[in-house]
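Notes follow the structure.
The values are calculated or read from the model by the stated rules, or taken from the named source; none is laboratory data. Since we're looking at a predicted model, the values are computed, not measured. Here the Cβ positions follow ideal geometry from the backbone for every residue, glycine too, while neighbour counts run over all protein chains shown.
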Amino acid sequence: MKTLVKSIIVLGRKVPIKRADLRDIGAAGAYCPQTKTIHIEQTLKGGDFLAETLVHEIFHAIEDRAGIGQALDSKILEVIAEQVGVVISENFLLTPKNKK
């Protein structure tokens, strides 16, 4: 992922993607359900971690749009988002897999 796209479509709704200073919350990315916006830490460079972070936040946008958060605990949703980011990154963004 060389450049960050400016928006994506999630279940029919445009979701802006913006760079932001997220150091105060200690996160590489964040999805804001109030503004329906994905924020990516402004200092995060391209590569697998950026792609994984973006996929993680896209999951949160899907979760919000589909109403999944009403049915599952936020800690469970965070684990799912983390693993979705890793799996997509491993299989489609060529992140090396751990050898067993």
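Taken together, the residues in the stretch 63-85 that are over 11 Å from Y31 (Cβ atoms) and of a type in the set (K, R) amount to 1. On the stretch given as the stretch 17-57, residues that are within 20 Å of G69 (Cα to Cα) and of a type outside the set (A, V, I, L, M) total 12.
The residue that is farthest from the chain's Cα centre (by Cα), among those in the stretch 1-26 that are surrounded by 10 or more Cβ atoms within 10 Å (Cβ to Cβ) and within 19 Å of E78 (Cβ to Cβ), is I25.
K6 is checked against (1) touching a strand residue (DSSP E or B) at 6+ places or on another chain (Cβ under 7 Å); (2) under 23 Å from Q83 (Cβ atoms) and fails just one. What number does that condition carry? So K6 meets the others, but not (2). Contact annotation: residue pairs with Cβ atoms under 8 Å, 6 or more positions apart or on different chains, pairing a residue in the stretch 20-37 that is in contact (Cβ under 8 Å) with a residue 12 or more places away in the chain with a partner that is hydroxyl-bearing (S, T, Y) and in a helix (DSSP H, G or I), are A28/T53; G29/T53. Scanning the stretch 31-52 for residues that are touching a helix residue (DSSP H, G or I) at 6+ places or on another chain (Cβ under 7 Å) and within 16 Å of E78 (Cβ to Cβ) returns Y31, P33, I38, E52. Within the stretch 27-54, if we keep just the residues that are buried (at least 19 other Cβ atoms within 10 Å of the Cβ) and among the β-branched types (V, I, T), the residue that is modelled with the lowest pLDDT turns out to be T53. Among the residues in the stretch 48-70, are any assigned to a strand (DSSP E or B), in contact with a Ser or Thr (Cβ under 9 Å, 6 or more places away or on another chain) and in contact (Cβ under 8 Å) with a residue 12 or more places away in the chain? The answer is no, given that none of the residues of the stretch 48-70 is assigned to a strand (DSSP E or B), in contact with a Ser or Thr (Cβ under 9 Å, 6 or more places away or on another chain) and in contact (Cβ under 8 Å) with a residue 12 or more places away in the chain. Of all the residues in the stretch 3-26, those that are hydrophobic (A, V, I, L, M, F, W, C), at pLDDT 95 or above and in a loop (DSSP other than H, G, I, E, B) number 1. Cβ-Cβ contacts under 6 Å between residues 6 or more apart (or on different chains), taken from a first residue in the stretch 77-89 that is in contact (Cβ under 8 Å) with a residue 40 or more places away in the chain to a second residue that is outside any helix (DSSP H, G or I), are listed as S89/T95.
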